[in-house]
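Notes to accompany the following structure.
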Amino acid sequence: SGLSELSDAENFIVVYPEGLKRLGFRTWNAGDCCPSATLLGTDDAGFIVSLLEKLNQDLSIDNKKVYATGFSNGGQLAYALANRYPHTFAAVSAVAGVLQDFPFNPVRKVPIIHFHSYQDATAPYFGGFSDAPFITFTFPSVDSTLMLIAKDYKCNRIKQTVFADSATYDFFRYSDCDTDVQIDLYVSRDGGHTWPGGQAFATMPVTRHVDASSLMWEFFKSYELP
């Protein structure tokens, strides 16, 4: 993701929790996805909050400016944190992961910035089956996810186009919502199930038209808890 380098340049703390490791890879229990964490019912949202309590003992943290982001299953967990602990996180970002934690009705409306690729076959932008092993259910589309959230946030402006380019990426915004929060959505025309502007997994393509880490940090800086 390049977040370590960005944190050095921008003077913020970045922490990388690790999900439960089974069958050679790690997962989070963020709702309907993904095994093995979901099958075991791990309280991963609670784990993240407990981790923050521990970090508060060791580090100088501004608790009004705590944010969550994650990739794929980690992005799903970021949504779950916004849903279950809206007074802990000032804003969240999901990269290539949709909401799986229902019902979604946080008592505080948490600002969201989401990144995806139209070419993502693992968490398909338009919804449907994933090409990932051990996942047999269908994913909801990104648009249906954000429409559900925008409805809960009582947004009056739905998926307005801020920027569109058939060769690079599209940028949409949901705004005029309760308590002046907004939802930003960047969708690249290239790339795949990877972190925009980051490092690829094996031979998976990565878009260079969008730098998710820089954009989310600029978004995060606009929000703090009351």
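The values are calculated or read from the model by the stated rules, or taken from the named source; none is laboratory data. Owing to the predicted nature of the structure, the values given are computational and were not obtained by experimental measurement. So basically every Cβ, Gly included, is an ideal-geometry build from the backbone, and we count neighbours across all protein chains shown. These area figures cover heavy atoms from the full protein model, side chains too; ligands, DNA and RNA do not enter into them. Shrake-Rupley method; radii C 1.70, N 1.55, O 1.52, S 1.80 Å.
Miscellaneous remarks
- Residue within the range 120-130 that is under 30 Å from residue 224 (Cβ atoms), in a loop (DSSP other than H, G, I, E, B) and either open to solvent by 50 Å² or more (accessible area, probe 1.4 Å) or not small (Gly, Ala, Ser) (or both) present: no
- Every residue from the range 201-215 that is closer than 19 Å to residue 125 by Cα and open to solvent by less than 40 Å² (accessible area, probe 1.4 Å): 206, 207, 210, 212
- Checking each residue in the range 4-26 for being open to solvent by less than 80 Å² (accessible area, probe 1.4 Å), farther than 18 Å from residue 60 by Cβ and under 19 Å from the mean Cα position of the chain (by Cα) picks out 4, 6, 17, 19, 20.
- Total residues in the range 136-145, condition of a type in the set (Ser, Thr, Tyr) and touching a residue at least 12 places away in the same chain (Cβ under 8 Å): 3
- Residues of the range 164-180 that are within 18 Å of residue 215 (Cα to Cα) and either in contact (Cβ under 8 Å) with a residue 12 or more places away in the chain or open to solvent by 80 Å² or more (accessible area, probe 1.4 Å) (or both): 165, 168, 169, 170, 171, 172, 173, 174, 175.
- Within the range 142-199, strands (runs of 3 or more DSSP E) holding 1 or more residues that are modelled with pLDDT of 95 or more and at positive phi: 157-164
- Criterion (open to solvent by 60 Å² or more (accessible area, probe 1.4 Å), within 18 Å of the chain's Cα centre (by Cα) and touching a residue at least 40 places away in the same chain (Cβ under 8 Å)) met by exactly one of 148, 185: 148
- Of the strands (runs of 3 or more DSSP E) contained entirely in the range 14-98, those carrying at least 3 residues that are within 22 Å of residue 217 (Cβ to Cβ) and either hydroxyl-bearing (Ser, Thr, Tyr) or modelled with pLDDT of 95 or more (or both) fall at 67-71, 91-95.
- Test result for residue 130, of a type in the set (Gly, Ala, Ser), under 18 Å from residue 30 (Cα atoms) and at pLDDT 95 or above: no
- Looking at 90, 68, just one residue is open to solvent by less than 30 Å² (accessible area, probe 1.4 Å) and touching a residue at least 40 places away in the same chain (Cβ under 8 Å), and that residue is 90.
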